[in-house]
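To start, the structure itself, in structure tokens.
The values are calculated or read from the model by the stated rules, or taken from the named source; none is laboratory data. This structure is a prediction, so every number in the text was calculated from the model and none was measured. We place every Cβ from the backbone using ideal geometry, glycine too, and count neighbours over all the protein chains shown. We work out accessible area using only protein heavy atoms, side chains counted, and drop any ligands, DNA or RNA first. Shrake-Rupley method; radii C 1.70, N 1.55, O 1.52, S 1.80 Å.
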Amino acid sequence: YQDKEEVVLWMNTVGPYHNRQETYKYFSLPFCVGSKKSISHYHETLGEALQGVELEFSGLDIKFKDDVMQTTYCEVDLDKGRRDAFVYAIKNHYWYQMYIDDLPIWGIVGEADENGEDYYLWTYKKLEIGYNGNRIVDVNLTSEGKVKLVPNTKIQMSYSVKWKKSDVKFEDRFDKYLDPSFFQHRIHWFSIFNSFMMVIFLVGLVSMILMRTLRKDYARYSKEEEMDDMDRDLGDEYGWKQVHGDVFRPSSHPLIFSSLIGSGCQIFAVSLIVIVVAMIEDLYTERGSMLSTAIFVYAATSPVNGYFGGSLYARQGGRRWIKQMFIGAFLIPAMVCGTAFFINFIAIYYHASRAIPFGTMVAVCCICFFVILPLNLVGTILGRNLSGQPNFPCRVNAVPRPIPEKKWFMEPAVIVCLGGILPFGSIFIEMYFIFTSFWAYKIYYVYGFMMLVLVILCIVTVCVTIVCTYFLLNAEDYRWQWTSFLSAASTAIYVYMYSFYYYFFKTKMYGLFQTSFYFGYMAVFSTALGIMCG
């Protein structure tokens, strides 16, 4: 900024403190606008439009390094309707958010006295702005001027601006919003260490099981080959060697199966890339940039989905590959957009700023049809041609072998339920931090932790599914594809159950809008996580 240049105070949203996602336009409450009218228009990005950021000009006249003494900028004529609106807002702990030079500022609308009969509105915004050279590095808001809400009176709204020199560097101006004591708490480090020990233990266990038992199995099978035919017919063969003629039989419902596998590979690629980008760039400093990045990366990684889904479908001998490509491409977008569409109806009913504008919906649909689908097609064609030929080491028998009776804990359903416990155990403390940064007012910035947890989750999931598959094949059950996918994907069920615990014991959310928002998007998050693990 040059000296005396205009500094814009944008009003964003107002809403109940306990419901972070339930926000309304600032001027939906009967606040009044300052006298300054003309302002150049402000354009929002896709991420901001989806997150319900609605910046409106406050009308306050602020100039760079120009102090303003307490000045009345407008007055509210308090009739009964307006008083009721303010009283409702104060009862529900409404607070509002503003931006100066992209720095967020929060203020509370008002407060009630102890016995809850009289309500007071804060009428005086006292801004202290810190500057370093010609840049704004720090903004503080103090609310003063408590005025009792009495019907049919006029309330004068005032503001003052004080500029002071600050030593904060422009690059570090967001550091005061971060909460190191919360995110870099000993428990956080301890949980990572804990998960890490579990990984070492699991990898050791798996390698031991596989090395020892497989060596035993090989010894047994080679001994049986030395016997003559007569003994072999009488011998009791058992174990995984029995199903060698069935183990490469295509899975049931190969179309859905390969679409899920393709989508899971894509979600994994997106998570990896977005976390790496977030570690390099501080995405939390700009509104909506995290969401915009994720959408862009998701669209760009569509060939991954097509490649893995299409090649698997071809190897399983699938014929309807175009249908598979469509299902694979639109599985995740349809799930996310379907949930968003449902919640949007509630948001429109509430007149909330989270209601997604029609133009933004069209933009997202265009991304799906004109970016994701063609790239998916490219990936599918590549996958079918490069690795679409079945190259199994032994041929599949013409007649499927009957599956013998087995103990109840070897049934696929039980294996699936137990498979998700360990992966969930390795991530659930990180889930707490991620949930808190999304549903409460913390900025998540420790992406190094998230990267470690993702790596740990991968290793744990791989180990668990190897063991599950080994047990299943040893029980001479060759339906391993869905079992191995679902025994990892069942992590999603545990994460969703944890989100119920989190809702009731860690948050104070209330109201239809916030509750449906919470459980709707938690379901999307859990499902995506499950598909990725699977």
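How big is D, in µm² s⁻¹, for the chain by Stokes-Einstein at 20 °C and 1.002 mPa s if Rh is the Kirkwood radius over C-alpha pairs?
Once the numbers are plugged in, D ends up at 79 µm²/s.
Suppose a student asked you for the relative contact order of the chain, using Cα pairs under 8 Å spaced at least 6 residues apart; what percent would you report?
Here the relative contact order equals 17 percent.
If we sort 26-36, 478-488, 187-197 on the protection proxy, mean other Cβ atoms within 10 Å, highest first, what's the order?
Ranking the peptides 26-36, 478-488, 187-197 by packing returns 478-488, 26-36, 187-197.
If r is the Cβ-Cβ distance from ASN134 to LEU205 and R0 is 56 Å, what FRET efficiency results, to the nearest 0.05?
According to the calculation, E is roughly 0.40.
Would you work out what percent of the accessible area of the chain, with all protein chains in place, is carbon or sulfur (probe 1.4 Å)? Numbers along the way, then the final one.
Working: 17420 of 27420 Å².
The C+S portion of the solvent-accessible surface of the chain is 64 percent.
Defining a contact as two alpha carbons under 8 Å apart and six or more residues distant in sequence, what relative contact order in percent does the range 253-392 show?
That works out to 38 percent.
Show me the three semi-axes of the equivalent ellipsoid for the range 5-177, from the C-alpha gyration tensor (sqrt of 5 times each eigenvalue), largest first, rounded to whole Å.
Each semi-axis is √(5λ); the values are 27, 19, 16 Å.
Given the C-alpha centroids of the range 153-190 and the range 421-443, what is the distance between them in whole angstrom?
A separation of 24 Å, based on Cα centres.
In whole percent, what relative contact order does the range 391-534 give with Cα contacts below 8 Å and a gap of six or more residues?
31
Report the far tail of the P(r) of the range 282-321, meaning the percent of Cα-Cα pairs longer than 16 Å.
Percentage above 16 Å: 53.
Report the Cα centroid-to-centroid distance between the range 82-105 and the range 366-416 in angstrom, as an integer.
That distance is 53 Å.
Calculate how steeply helix 186-208 sits against the longest principal axis of the alpha-carbon atoms of the chain, using the helix alpha-carbon long axis, and give the answer as 0 to 90 degrees to the nearest 10.
Taking Cα atoms only, the helix is inclined about 10 degrees.
Please sort 332-339, 164-171 by packing, taking for each peptide the average over its residues of neighbouring beta carbons within 10 angstrom, highest first.
Packing order, densest peptide first, comes out as 332-339, 164-171.
Set the bar at 24 Å for Cα to Cα. Now go through LYS25/LYS169; LYS37/LYS80; LYS216/LYS241; LYS65/LYS126; LYS63/LYS154; LYS37/LYS146 and name every pair that lies beyond it.
LYS25/LYS169; LYS37/LYS80; LYS63/LYS154; LYS37/LYS146
Going by Cβ distance under 4.7 Å, what cysteines of the chain have no possible disulfide partner?
So, CYS265, CYS337, CYS365, CYS366, CYS368, CYS394, CYS417, CYS458, CYS463, CYS468, CYS533.
Using helices alone, I'd like the mean residue ellipticity at 222 nm for the chain: each DSSP H run of four-plus residues gives -39500 (n - 2.57), total over residue count, nearest 500.
-17000 deg cm²/dmol
Please sort 178-185, 156-163 by packing, taking for each peptide the average over its residues of neighbouring beta carbons within 10 angstrom, highest first.
Descending packing order for the listed peptides: 156-163, 178-185.
Could you pull the Rg and Dmax for the range 324-461, using just the Cα atoms, both in Å?
22.2, 62
Quick one: divide the alpha-carbon radius of gyration of the range 253-392 by 2.2 N^0.38 Å and tell me what you get.
Normalised Rg, Cα atoms only: 1.18.
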